[in-house]
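Here's the structure we're looking at; comments come further down.
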Amino acid sequence: MESLTLRASPSTAAPLCGVPGRRHAAVSVRASAGSSGAGEPDLSVRVNGLKMPNPFVIGSGPPGTNYTVMKRAFDEGWGGVIAKTVSLDAGKVINVTPRYARLRADPNGSTKSPIIGWENIELISDRPLETMLNEFKQLKKEYPDRILIGSIMEEYNKSAWHELIERVEESGVDALEINFSCPHGMPERKMGAAVGQDCALLEEVCGWINEKATVPVWAKMTPNITDITQPARISLKSGCEGVSAINTIMSVMGINLKTLRPEPCVEGYSTHGGYSARAVHPIALAKVMKIAKMMKEEFADGQSLSAIGGVETGNDAAEFILLGADTVQVCTGVMMHGYGLVKKLCAELQDFMRQHNFSSIEDFRGASLPYFTTHTDLVHRQQEAIKQRKAIRKGLESDKDWTGDGFVKETESMVSN
């Protein structure tokens with residue numbers, strides 16, 4: 001199938017919060033028939049004009065760090081791959097080891113106990129940009145019908161952003177994901193979450209990006225902010241075709257009570273990092289729900305939502321899709337379980353779909369979103385329900401209330417045992 005090289009035709013979203021409305025790419029997200037056998041639930045999706053065999057996408061990070069691992073992801077059957085974030089000058093990126101720390105379910109940290117939390121202090125790609133671009137070209141040559149997304153991050157410099165976008169697009173990637181959300185590393189250069197947490201800065205940089213980009217753009221959101229809908233709204237109003245959420249949560253994994261040093265320990269010292277894995281899933285669900293409600297209420301159909309956070313099973317993915325996600329990204333799960341995890345995810349998601357007689361992803365995307373409301377509304381709903389239950393138990397108030405059709409039920413309503 002053909003990869004998208006130009007943006008879809010724009011549609012206009014209404015102006016919000018006093019900011020002029022911008023043009024957004026129209027997109028119809030529909031599960032495409034023909035990718036699975038007769039009678040089997042169809043997992044294929046089309047997002048921002050990009051067709052994927054399933055909604056599972058390798059999240060930006062170590063699983064997309066070079067040609068070898070990205071090729072493995074395509075061979076295993078992932079719907080798409082987002083490469084590790086690149087910038088113009090990889091020479092500024094210097095990683096340390098160890099750079100990961102894990103949290104286990106057993107409070108004593110038994111190695112037999114399941115891993116529920118994962119922290120990293122890893123930076124973006126430390127490989128030369130030209131090397132990564134050549135590998136992108138090779139991947140698109142070998143897998144022309146598979147979706148490869150470039151993740152990019154740059155300093156607060158318009159010309160640098162434009163150069164990076166032009167060079168990455170020339171490699172043949174199908175879309176761009178903008179890293180506005182890395183919680184650690186180079187904030188002094190206004191990179192990563194330093195942009196995603198500053199809405200004025202975010203709007204300016206998104207404007208630079210979208211005046212240059214010719215492929216769909218996803219803005220990756222940081223959860224380390226009071227209201228995640230604010231940067232998501234600004235990104236979409238500034239021309240981005242979609243948002244991804246969430247990136248890792250700022251964290252300190254723990255203190256070694258024997259050495260009294262923080263983990264992961266590098267020459268006796270550490271720094272805060274990004275928290276992921278199973279433990280963040282409920283937080284991610286809440287953030288995705290907030291963004292999805294905002295998008296549904298304030299934007300016309302056209303923008304996409306890619307959900308991220310603690311996905312290790314097909315049911316985890318189903319929850320995100322039920323909230324309105326178009327695709328589901330997995331990064332830490334691959335680091336723990338390997339690239340073959342996608343087969344398990346697909347099988348379990350299809351099992352869920354069979355249980356509910358869903359034939360496509362679109363059949364249930366966003367189905368649970370209407371059931372989220374305010375606490376005040378919950379109180380009102382419960383008061384009304386209690387009032388109705390009391391009325392039923394009370395029975396008829398007068399002989400004039402008897403009816404012929406409901407005579408037996410009306411009689412039962414007044415029986416005490």
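The values are calculated or read from the model by the stated rules, or taken from the named source; none is laboratory data. The shown structure was predicted, so the numbers you read here are calculated from the model rather than taken from an experiment. Cβ placement follows ideal geometry from the backbone for every residue including glycine, while neighbour counts extend to all protein chains displayed. Areas reflect the complete protein model, heavy atoms only, side chains present, ligands, DNA and RNA absent. Shrake-Rupley method; radii C 1.70, N 1.55, O 1.52, S 1.80 Å.
I need the full set of residues from segment 339-360 which are open to solvent by 40 Å² or more (accessible area, probe 1.4 Å), touching a residue at least 60 places away in the same chain (Cβ under 8 Å) and small (Gly, Ala, Ser), in order please.
Residues of segment 339-360 open to solvent by 40 Å² or more (accessible area, probe 1.4 Å): 343-344, 347-348, 351, 354-359.
Now narrow it down to the ones that are touching a residue at least 60 places away in the same chain (Cβ under 8 Å): 343, 354, 358-359.
Within segment 339-360, SER359 is the sole residue that qualifies.
Being open to solvent by less than 10 Å² (accessible area, probe 1.4 Å) and over 23 Å from the mean Cα position of the chain (by Cα) narrows it down to one residue among SER171, SER181; which is it?
Values: SER181 fails: over 23 Å from the mean Cα position of the chain (by Cα).
Result of the check over SER171, SER181: SER171.
Does ASN95 qualify as being open to solvent by 10 Å² or more (accessible area, probe 1.4 Å) and over 24 Å from the mean Cα position of the chain (by Cα)? Don't jump to the end; show me each part of the working.
Values: open to solvent by 10 Å² or more (accessible area, probe 1.4 Å): yes; over 24 Å from the mean Cα position of the chain (by Cα): yes.
Taking the combined requirement at face value, the residue satisfies it.
For SER125, which of the numbered conditions (1) in contact (Cβ under 8 Å) with a residue 40 or more places away in the chain; (2) open to solvent by 10 Å² or more (accessible area, probe 1.4 Å); (3) in a loop (DSSP other than H, G, I, E, B) fails to hold?
(2)
Please enumerate the residues belonging to segment 107-122 that are at pLDDT below 90 and open to solvent by less than 60 Å² (accessible area, probe 1.4 Å).
Filtering segment 107-122 for residues at pLDDT below 90 gives 107-112.
Result: GLY109, SER110.
Any idea how many residues of segment 49-81 are within 21 Å of GLY302 (Cα to Cα) and in contact with a Gly (Cβ under 8 Å, 6 or more places away or on another chain)? Outline the logic, then answer.
Keep residues of segment 49-81 that are within 21 Å of GLY302 (Cα to Cα), which gives 49-57, 79-80.
Going one step further and asking which of them are in contact with a Gly (Cβ under 8 Å, 6 or more places away or on another chain), we end up with 50, 52-57.
So the answer is 7.
Out of curiosity, is LEU133 closer than 19 Å to ILE209 by Cβ and either at pLDDT below 95 or in a helix (DSSP H, G or I) (or both)? Even if it seems obvious, please write down each step before you answer.
Working: closer than 19 Å to ILE209 by Cβ: yes; either at pLDDT below 95 or in a helix (DSSP H, G or I) (or both): yes.
For LEU133, the condition - closer than 19 Å to ILE209 by Cβ and either at pLDDT below 95 or in a helix (DSSP H, G or I) (or both) - is met.
Check whether at least one residue in segment 237-245 is within 22 Å of VAL330 (Cβ to Cβ) and open to solvent by 10 Å² or more (accessible area, probe 1.4 Å), and report yes or no.
No.
May I ask you to list the residues in segment 57-86 that are touching a helix residue (DSSP H, G or I) at 6+ places or on another chain (Cβ under 7 Å) and assigned to a loop (DSSP other than H, G, I, E, B)? Write out each step before concluding.
First, the residues of segment 57-86 that are touching a helix residue (DSSP H, G or I) at 6+ places or on another chain (Cβ under 7 Å): 58, 62-64, 66-67, 69-71, 73, 76-78, 81-84, 86.
If the condition is that a residue be touching a helix residue (DSSP H, G or I) at 6+ places or on another chain (Cβ under 7 Å) and assigned to a loop (DSSP other than H, G, I, E, B), then ASN66, GLY77, TRP78, ALA83, LYS84 are the ones that fit.
Please verify whether segment 298-312 includes one or more residues that are out of contact with any helix residue (DSSP H, G or I) (no Cβ under 8 Å at 6 or more places or on another chain) and assigned to a loop (DSSP other than H, G, I, E, B).
Our first condition is that a residue be out of contact with any helix residue (DSSP H, G or I) (no Cβ under 8 Å at 6 or more places or on another chain); within segment 298-312, this holds for 300-302, 304, 306.
Narrowing the set further to residues that are assigned to a loop (DSSP other than H, G, I, E, B) leaves 300, 302.
Yes: segment 298-312 contains one or more residues that are out of contact with any helix residue (DSSP H, G or I) (no Cβ under 8 Å at 6 or more places or on another chain) and assigned to a loop (DSSP other than H, G, I, E, B).
Criterion first (open to solvent by 10 Å² or more (accessible area, probe 1.4 Å) and free of Cβ contacts under 8 Å to residues at least 12 places away in the same chain) does ALA279 satisfy it? First the steps, then the outcome.
Working: open to solvent by 10 Å² or more (accessible area, probe 1.4 Å): yes; free of Cβ contacts under 8 Å to residues at least 12 places away in the same chain: no.
No: the conditions fail for ALA279.
Identify the residue in segment 361-397 that is modelled with pLDDT under 75 and among the small types (Gly, Ala, Ser) and, among all such residues, is surrounded by the most Cβ atoms within 10 Å (Cβ to Cβ). Break it down into steps so the answer makes sense when it comes.
Keep residues of segment 361-397 that are modelled with pLDDT under 75, which gives 391-397.
After this cut, where a residue has to be among the small types (Gly, Ala, Ser) as well, the list is 391, 395.
Values: ALA391: 11, GLY395: 13.
The selected residue is GLY395.
Go through GLN355, GLN350, GLN329 for me and flag whichever is at pLDDT 95 or above, in contact with a Pro (Cβ under 8 Å, 6 or more places away or on another chain) and either at positive phi or polar (S, T, N, Q) (or both). Step through it out loud before you land on a result.
On the way: GLN355 fails: in contact with a Pro (Cβ under 8 Å, 6 or more places away or on another chain); GLN329 fails: in contact with a Pro (Cβ under 8 Å, 6 or more places away or on another chain).
Every option except GLN350 fails the conditions.
Please pick out the residue among THR65, THR12 that is open to solvent by 50 Å² or more (accessible area, probe 1.4 Å), over 30 Å from SER359 (Cα atoms) and either modelled with pLDDT of 50 or more or touching a strand residue (DSSP E or B) at 6+ places or on another chain (Cβ under 8 Å) (or both).
Working: THR65 fails: open to solvent by 50 Å² or more (accessible area, probe 1.4 Å).
None of the others qualify; the one that does is THR12.
Could you please find all residues in segment 104-122 being part of a strand (DSSP E or B) and more than 26 Å from PHE74 (Cβ to Cβ)? Walk me through how you get there before you give the answer.
If we filter segment 104-122 for residues that are part of a strand (DSSP E or B), which is where we start, we get 104, 115-120.
If the condition is that a residue be part of a strand (DSSP E or B) and more than 26 Å from PHE74 (Cβ to Cβ), then ARG104, ILE115, ILE116, GLY117, GLU119 are the ones that fit.
Could you please find all residues in segment 282-326 being crowded, with 19+ Cβ neighbours inside 10 Å and over 20 Å from GLU362 (Cα atoms)?
ALA284, LYS287, GLY309, GLY310, GLU312
Condition test on GLU135, is it within 27 Å of GLU166 (Cβ to Cβ) and either of a type outside the set (Lys, Arg) or surrounded by 12 or more Cβ atoms within 10 Å (Cβ to Cβ) (or both)?
yes
Please verify whether GLY37 is modelled with pLDDT of 50 or more, of a type outside the set (Lys, Arg) and open to solvent by 20 Å² or more (accessible area, probe 1.4 Å), treating the condition exactly as stated. Break it down stepwise before answering.
Details: modelled with pLDDT of 50 or more: no; of a type outside the set (Lys, Arg): yes; open to solvent by 20 Å² or more (accessible area, probe 1.4 Å): yes.
The answer is no for GLY37.
Do we have any residue at all in segment 192-205 that's in a loop (DSSP other than H, G, I, E, B) and not charged (D, E, K, R)?
Quick first cut of segment 192-205, residues in a loop (DSSP other than H, G, I, E, B) only: 192, 197-198.
Then drop every residue that is not not charged (D, E, K, R), which leaves 192, 197.
So far as segment 192-205 goes, yes, one or more of its residues are in a loop (DSSP other than H, G, I, E, B) and not charged (D, E, K, R).
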